[in-house]
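One structure is given below, encoded as structure tokens.
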Amino acid sequence: MSSAPKIHLKDVRKAFGDKQVLNGIDLDVAPAESVVIIGGSGTGKSVLLKCILGILNADSGVVDVDGTDVTHIPASTRGEVNKKFGMLFQGAALFDSLPVWENVAFGLMQGERMPRKQAKERAIETLAKVGLAASVGDLSPSELSGGMQKRVGLARAIAGNPEIIFFDEPTTGLDPIMADVINDLIIACVRDKGITALSITHDMHSARKIGDRIGMIYEGRLIWVGDAKTVDRSGNEYVDQFVNGRAEGPIKMQLRR
Amino acid sequence: MNFLALIGRVVLGFLGHIGRLTIFAGTALSHCVRPPLYPRLIGRQMIDIGYYSLPVVGLTAIFSGMVLALQSYTGFARFSAESAIANVVVLSITRELGPVLAGLMVAGRIGASMAAEIGTMRVTEQIDALSTLSTNPFKYLVVPRILAGLFMLPLLVLVADIIGVFGGYLVSVYKLGFNPGVYINSTADFVQPLDVISGLVKAAVFGFLISLMGCYNGYYSKGGAQGVGAATTNAVVSASILILITNYLLTELFFST
Ligand SMILES: Nc1ncnc2c1ncn2[C@@H]1O[C@H](COP(=O)(O)OP(=O)(O)O)[C@@H](O)[C@H]1O
Ligand SMILES: [Mg+2]
């Protein structure tokens, strides 16, 4: 890679009790690159994102953002670092006490102290980018369908003009058409704008479409990372099994925990 | 052997809980005195705790005052001591029943709703979303509730004091046929500033405890709807118990010299 990585992970580990969820993750994400992490449910994909975002603290290892170690920074500096980030949560995680537009403008009003009127205009512009009418802005998040909630979550993630965006299963739980709408929006709002993206998903169609590179997480490690186009001929039997969705193979589903 | 291990585990768990709660309270208080504060949110919590609790607190107070008058009449009737009844009513209400009953009613009403709201935000990742939007969850969620509890409970209790004394007056004058002027005068003669002030100090402490337990239990709830339900119950039960214990300690502090 020519330029310095935007995100650099070195030997990141995280355990809950005696359960080792992340067991030494190494990954570099270059500026403007879109990396997708695939892996089964419960393999620690969300935990990995939360370690980068500082919602969880990694037990050991290094998380660098723009060349600075953010693993052990105090809460006050964390706010500054997080201004570079946008995040779309698995369940959208919209604030249900606020109308849609205040959700979208939340980071602008709280973080950047933008006046309400101006923030509302920005929110409505951002809603338009994800294909939602201005009238949606005055609804409550609970009045929206799952697909619309995801779109609002996407709008909230991009409203603050982040340098890096994280997507946690952006298409999970949506019908195939809505899933593809979200994929297209991610491409339009993120990849085409040169924003760095780290996504996690188990939807292979989505992974192929939005990723430059794909990595597969298994038993707490990234067992394969490669160009998105080569994922079908990875030569790795774990990846093959996952990509083709076969029950038989080296990956044994743990039916009992 | 097993029995001892069980006791040890329970004690350790309890101590861990106390430690976590102390850290939580310390963090919350330190955020109370550091900007930015959210006046809009503080105002909304104040209305929620103060204004909307008025009916239930008022109802509790008026019936307490009435029953006090009735009960003490059966005791004091032989001495035909009208002034003694006024005395019993005003002292019991201002020192004990006002703050304790208001505290318990508000714990049920507000403690539960705080734990449910914050707990739901926890399990739907809304609290995580706050921190990715550069907003400190303590400042945004906990501080407004703690401040509102601290300042609104004394106001509520002041109102409860007046309504409670009025309840005693109603029964004394209209049911027992006492002279209204004598009743009011003896009330005013008997009540000392310390009686009222001690009750208001108790109220402030109770308000703090209610908000603290509501926020704490909500903040650390986990595991979906069931976890939120458990957090709600814990918030009400623990706040009620703490109110009864600190009520005794504060009474000793104020009156046993
Ligand atoms: N806060 C937590 N406390 C305890 N265990 C957790 C916590 N968060 C996640 N886990 C565990 O870590 C594992 C990975 O979770 P997660 O990253 O959410 O999986 P996924 O890959 O489906 O996103 C799961 O087994 C989960 O039970
Ligand atoms: Mg997940």
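Values in this text are rule-based calculations from the coordinates and carry no lab data. Just so it is clear, the structure is predicted and the values come from calculations on it, not from any experiment. In this analysis, Cβ positions are derived from the backbone assuming ideal geometry, glycine residues included, and neighbour counts consider all displayed protein chains.
Near the amide H of residue A:218, within less than 5 Å, lie the amide hydrogens of A:223, all on another chain or at least 5 residues away, with H placed in the peptide plane. Once the Cα atoms are used to define both axes, helix B:54-76 deviates from the longest principal axis of chain B by about 40 degrees. Can you give the relative contact order of the stretch B:10-162 as a percent, counting alpha carbon pairs under 8 Å and 6+ residues apart? Reported as a whole number, the value is 46 percent.
Kindly identify the stretch B:1-71 as rounded, prolate or oblate by the Cα gyration tensor criterion: order the square roots of the eigenvalues as a ≥ b ≥ c, call it rounded if a/c is under 1.5, otherwise compare a/b with b/c, prolate if a/b is larger, else oblate. Oblate, since a/c reaches 1.5 and b/c is not below a/b. Using C-alpha pairs under 8 Å with a sequence gap of at least 6, the mean separation divided by the residue count of the stretch A:117-237 gives a relative contact order of 18 percent.
Assign one of three labels to the stretch A:1-97, namely rounded, prolate or oblate, based on the Cα gyration tensor with a ≥ b ≥ c the square roots of its eigenvalues; rounded applies when a/c is under 1.5, prolate when it is not and a/b is larger than b/c, and oblate otherwise. Verdict is rounded for the stretch A:1-97. Take each residue in A:79-86, count the other chain C-beta atoms within 10 Å of its C-beta, and the mean is 3. Between residue A:212 and residue A:13, the simple spin-label model (points 7 angstrom out along Cα→Cβ) gives 3.1 nm. May I ask for the net charge around residue B:243, where only other residues with Cβ less than 13 Å from the Cβ of residue B:243 are counted and Lys, Arg are +1 while Asp, Glu are -1? Taking every Cβ under 13 Å from that of residue B:243, the sum is 0. Sorted ascending by nearby beta carbons within 10 Å, beginning with the fewest, A:117, A:50 become A:117, A:50. Toward the positive end of the charge dipole of the protein assembly as shown, with +1 on the Cβ of Lys and Arg and -1 on the Cβ of Asp and Glu, the farthest Cα among A:24, B:197, B:10 is that of B:197.
Ranked by the mean number of other Cβ atoms within 10 Å per residue, highest first, peptides A:143-149, A:66-72 order as A:143-149, A:66-72. Relative to the longest principal axis of the Cα atoms of chain B, helix B:193-219 runs at roughly 30 degrees.
Per residue of peptide B:130-143, the mean number of Cβ atoms on other chains within 10 Å of the residue Cβ is 6. With a simple spin-label model that places each label point 7 Å from the Cα along the Cα-to-Cβ direction, the separation between residue B:113 and residue A:133 comes to 3.3 nm. Magnitude of the charge dipole for chain A, about its Cα centre and with charges confined to Cβ atoms of Lys, Arg (+1) and Asp, Glu (-1), is about 300 debye. Taking the longest Cα principal axis of chain B as reference, the axis of helix B:2-32 is set at about 80 degrees. Need the C-alpha centroid separation for the stretch A:28-65 versus the stretch B:1-54, integer Å. Taking the Cα centre of the stretch B:1-54 as reference, the centre of the stretch A:28-65 is 31 Å away.
Taking Lys and Arg as +1 and Asp and Glu as -1, the other residues whose beta-carbon sits under 11 Å from that of residue B:115 total +1.
When the stretch A:76-178 is described by a simple charge dipole with +1 on each Lys and Arg Cβ and -1 on each Asp and Glu Cβ, the residue from A:118, A:107, A:174 located farthest towards its positive end is A:118. Other residues lying with their Cβ under 9 Å from the Cβ of residue A:23 contribute a combined charge of +2, Lys and Arg counting +1, Asp and Glu -1. Once backbone amide H atoms are built at 1.01 Å from N, residue A:212 has A:34, A:35, A:36 as its partners under 5 Å, excluding neighbours fewer than 5 places away on the same chain. Each Lys and Arg Cβ is given +1 and each Asp and Glu Cβ -1; about its Cα centre, the stretch B:38-250 then shows a dipole of about 240 debye. Under the convention that each Lys and Arg Cβ holds +1 and each Asp and Glu Cβ holds -1, the size of the dipole of the protein assembly as shown around its Cα centre is about 320 debye.
Shielding value for A:107-113 is 3, the average number of Cβ atoms from other chains within 10 Å of each residue's Cβ. 3J(HN,Hα) along the stretch B:141-149, derived from phi through the Karplus expression 6.51 cos²θ - 1.76 cosθ + 1.60 where θ = phi - 60°, amounts to 9, 7, 4, x, 6, 5, 4, 5, x Hz, with x in place of Gly and Pro. Between B:59, B:120, B:97, the Cα set farthest toward the positive side of the dipole of the stretch B:38-250 (charges on each charged residue's Cβ, about the Cα centre) is that of B:120. 3J(HN,Hα) along the stretch B:168-180, derived from phi through the Karplus expression 6.51 cos²θ - 1.76 cosθ + 1.60 where θ = phi - 60°, amounts to x, 4, 4, 5, 4, 7, 8, 9, 8, x, 6, 7, x Hz, with x in place of Gly and Pro. Put simply, the amide H of residue B:221, placed in the peptide plane, has no neighbours under 5 Å, leaving out anything fewer than 5 places away on its chain. Backbone geometry of the stretch A:137-152 corresponds, through the Karplus equation with coefficients 6.51, -1.76 and 1.60 at θ = phi - 60°, to 3J(HN,Hα) couplings of x, 8, 7, 8, x, 5, 8, 9, 6, x, x, 5, 4, 4, 5, 5 Hz, x marking Gly and Pro. Of the listed pairs A:45/A:252; A:6/A:150; A:14/B:222; A:45/B:222; A:50/A:229, which have alpha-carbon separations greater than 21 Å here? In this structure, A:6/A:150; A:50/A:229 exceed 21 Å between Cα atoms.
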